[in-house]
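Working notes, structure below.
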Amino acid sequence: YESLDEEQKGELAALNEQRAPVAPKVPFAQSCTPPNVLAWPASEIEAKLHLSDAQREAFDALSRMDALARNTLNFDCQPDDNLSPPDRLATADTRLDAMLEAIKWVRPALDDFYATLNDAQKAQFDTIGAKRTS
């Protein structure tokens, strides 16, 4: 990209504006924001699973890790529609690194919480997740 002259950079930018319908352009600010569907449905989980004190502690730890992950994702997401292609790639790289870190924080807490559930609670928990992702 740096080896291009200004005219070539302009042509590249114009091509980006003419993206194919199969690859619709999503405004960077929109693609940068984590969707609300990723929020833990804490009240639904607590209402359906009737958590014991030990389970509630594990669920609270999971909720804290989820909040930390969300804050990190939001912090590492600084939308700017005027970025050059190399800067957009660097931003995407930073965003992916933040997502991997978030997974590293949330996954152990989720595993710990899930391990405290009995079979009936696991079945209920699994239906909550299935409903939210379909």
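The values are calculated or read from the model by the stated rules, or taken from the named source; none is laboratory data. Quick caveat, the model's predicted, so the values are computed rather than measured. Heads up, the Cβs are rebuilt from the backbone with ideal geometry, glycines too, and the neighbour counts pull from every protein chain shown. These accessible areas exclude ligands, DNA and RNA; they are computed on the full protein's heavy atoms, side chains included. Shrake-Rupley method; radii C 1.70, N 1.55, O 1.52, S 1.80 Å.
Among the residues of segment 1-47, just one is modelled with pLDDT of 80 or more, charged (D, E, K, R) and in a loop (DSSP other than H, G, I, E, B), namely 5.
Checking every residue in segment 78-98 against the condition of being touching a helix residue (DSSP H, G or I) at 6+ places or on another chain (Cβ under 8 Å), open to solvent by 60 Å² or more (accessible area, probe 1.4 Å), in a helix (DSSP H, G or I) and at pLDDT below 85 gives at least one match.
Would you point out the residue of segment 48-62, among those that are of a type outside the set (Lys, Arg), over 12 Å from residue 112 (Cα atoms) and in a helix (DSSP H, G or I), that is least open to solvent (accessible area, probe 1.4 Å)? The qualifying residue least open to solvent (accessible area, probe 1.4 Å) is 49.
Can you report the number of residues in segment 102-134 which are open to solvent by 70 Å² or more (accessible area, probe 1.4 Å), small (Gly, Ala, Ser) and either at pLDDT below 90 or in contact with a helix residue (DSSP H, G or I) (Cβ under 6 Å, 6 or more places away or on another chain) (or both)? Residues that pass the stated criteria total 1.
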